[in-house]
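Take a look at the structure below.
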Amino acid sequence: MINPALQPLSDYTFARLARMLDGIAPAAGKRPILLSVGEPQIQPPAFAAEAIAAGSHLWNKYPPPKGDAAFLGAVTDWLTTRYGLPAGMLDTERHVTSISGTREALYQLGFLAVPERKNGRQPVILMPNPLYHSYRGAAMLGRAEPVYMNATPENGFLPALDEVAPEILERTALCFLCTPTNPQGRVASLDYLKRAIELAREYDFMLAVDECYAEIYRGVPPAGGLQAAAALGGSLKNIVVLHSLSKRSSGPGLRSGFMAGDPELVGRYAEYIMFGSASTPLPIQHAATALWKDEAHVESNRAHYAENWRIATQVLGNKKGYHEAEAGFFVCMPADDAEALTKQIWREQAVKIVPVGLMAREDAEGVNPGDPYVRIALVYDAETTEEGLRRIAPYF
Ligand SMILES: Cc1ncc(COP(=O)(O)O)c(C=O)c1O
């Protein structure tokens, strides 16, 4: 017997993309370039591998579920400096936990933050649309109703929280927000985040802010959820933020990040891990500690992406609808028929891109807000990025 509620698990962006391109051979004689996945193609700094090697005597230890003291201390210091938090606002013991990457924790929140009933009814999980598939997975896990908040040009690609009906907010157990957004690279303002926290407190739901792209910016660093909590007086009730080394330090294979915020949720998370989920191995925690303490490699990553943005603007800058995103490493281009275009570009140019409709869902009116766009990831070295962009430019 397999739980039939799991059926939608096969329905995430890249599974859908694989089905869509099934049977279409990429152009013969051209090296395939995958501008589809948001996976950094550069390596984490060498000192990360050295820290893992130096911790190799620790493979016989069960890692502490919340992370070791050095890791939690490094994260607390980093958050305090990065977001200008008042000294003492974050209590390392109560407010911070290691996670095995944001994907895992975002999904697990569907269980951890969602009761069986909210105000006597089926709970709701609010999420942006387009979305990262774990948000929808969380709704499956929590047997909650996913309610999609469309990100559109009209709302600056940031869900209009104040337009969510009170009837929905009363049932909301968990609300996912992502800033900078994927795929549009928009940055939520401090006021926007403050308003989100106020709503979370007014209707008593957990606000989970996915900040995994927070360090890939040019110019001003994006505001964050904890900064908004500080501006509202410093309480961490009803809010958690999630960060990761995947984009910041080019280490998605490390499976390491952290969640910080609401003490009750953070405390429960560690207990939950004790029962049935992986905690980050100690040698990897040592590498992660070193990575959170170092900003030089992050600055060099930012320079790498800034160069890719420069190339994107050079190659696509005169195309209708092109703009440089505020943050992140995705170009979002308008397309009349995103699916047909994606297939054509794969067939004729061996370049893989993503129709944003595959990252989104139809809303209650049957509108898929991702349909008019394709997403192009600027994750390769400059030369490969340029080659991929030059191959696809004539199609826009
Ligand atoms: C918006 C968003 N959230 C979360 C993740 C998961 O990242 P990780 O689990 O590697 O931290 C991704 C990965 O692409 C993402 O795009």
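Nothing in this text is a laboratory measurement; each read-out follows from the coordinates by a stated rule. What you are looking at is a predicted structure, and each value in this text was computed from that prediction instead of being measured. Cβ atoms come from the backbone with ideal geometry, glycine included; neighbour counts cover every protein chain shown.
Projecting label points 7 angstrom from Cα along Cα→Cβ for Asp204 and Gln344 puts them 5.5 nm apart. Taking the chain as the region of interest, the number of lysine pairs whose Cα atoms are within less than 16 Å, with members eight or more places apart or on different chains, is 5.
Taking the Cα centre of the chain as origin and assigning +1 to Lys and Arg Cβ atoms and -1 to Asp and Glu Cβ atoms, the resulting dipole is close to 640 debye.
Over the range 259-364, all Cα pairs binned in 10 Å intervals from 0 give whole-percent P(r) values of 11, 23, 24, 26, 16, 1, listed from short to long. Entry for the range 47-294 at q = 0.10, 0.11, 0.16 Å⁻¹: log10 I(q)/I(0) = -0.44, -0.54, -1.15, Debye formula applied to identical alpha-carbon scatterers, no solvent contribution. Using 0.36 nm per residue and subtracting the Cα-Cα separation, the extra length available between Ala382 and Ala54 on full extension is 114.8 nm.
Only helical runs count toward this figure. For the chain, summing -39,500 (n - 2.57) over DSSP H runs of n ≥ 4 and dividing by all residues gives -11500 deg cm²/dmol at 222 nm.
Counting alpha carbon pairs within less than 8 Å and at least 6 residues apart, what relative contact order, in whole percent, applies to the range 47-294?
Numbers: 489 pairs, mean separation 71.8, N = 248.
Once divided by the residue count of the range 47-294, the mean separation gives 29 percent.
With R₀ set to 22 Å, the beta-carbon distance separating Val220 from Glu299 gives a calculated FRET efficiency near 0.90.
Pick from Ala139, Ala278, Ala260 the residue whose mean-square fluctuation is largest in a GNM of the chain, springs joining Cα atoms under 10 Å. Judging by the Gaussian network model, the answer is Ala278. Label-to-label distance, Leu9 versus Asn119, with points set 7 angstrom from Cα along the beta-carbon direction: 3.2 nm.
Given 0.36 nm per residue, what is the gain on full extension from Arg268 to Gln41 after removing their alpha carbon distance, in nm?
Roughly 78.2 nm would be gained on extension.
Distance from the alpha carbon centroid of the range 368-384 to that of the range 99-133 works out to 26 angstrom. The stretch between Asn318 and Thr152 holds 57.5 nm of extra length on full extension. This uses 0.36 nm per residue minus the Cα-Cα distance.
Label-to-label distance for Glu307 and Ile2 is 4.5 nm, based on points extended 7 Å past Cα in the beta-carbon direction.
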